[in-house]
Amino acid sequence: MKIDRPMMENESGGEVFSKAVRAGKRTYFFDVKTTKGNDLYLTVTESKKVQNQGRESYQKHKIFLYKEDFEKFKEGLIEALDKIEELKDDYPMMQNSSSDLDFDDL
């Protein structure tokens, strides 16, 4: 598994930084890479262990984020996290009135 570390110049793949974040059943990978033109971009990968007919495998979902979108993505993420922080005290009341929707079903 890749861990938070700078990559050496002569390493292949254009990867310059990788950070793995374990969160329950999921692991998130934040990988900074370079294009052939030496522009930076970010991939965010969610990896989740699943059981399928007794066999263990991983589901992966990946987002590519390019330099022209960094600032808007950051602003949107911060705004969403701020809203979560604002609403978290009210959430238990809202949760009691919601359906039986499981987050893993989303």
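The values are calculated or read from the model by the stated rules, or taken from the named source; none is laboratory data. Only a predicted model underlies this, so the values are computations on that prediction, with no experimental measurement involved. Reconstructed Cβ throughout: ideal geometry from the backbone, glycine too, with neighbour counts over all protein chains shown.
Could you grab me the full set of residues in the stretch 6-48 that are modelled with pLDDT under 90 and surrounded by 11 or more Cβ atoms within 10 Å (Cβ to Cβ)?
P6, M7, G14
For the stretch 20-37, which residues satisfy the criterion of being of a type outside the set (S, T, N, Q) and farther than 27 Å from Q51 by Cβ?
At the first step, the residues of the stretch 20-37 found to be of a type outside the set (S, T, N, Q) are 20-26, 28-33, 36-37.
Across the stretch 20-37, the qualifying residues are V32, K33, K36, G37.
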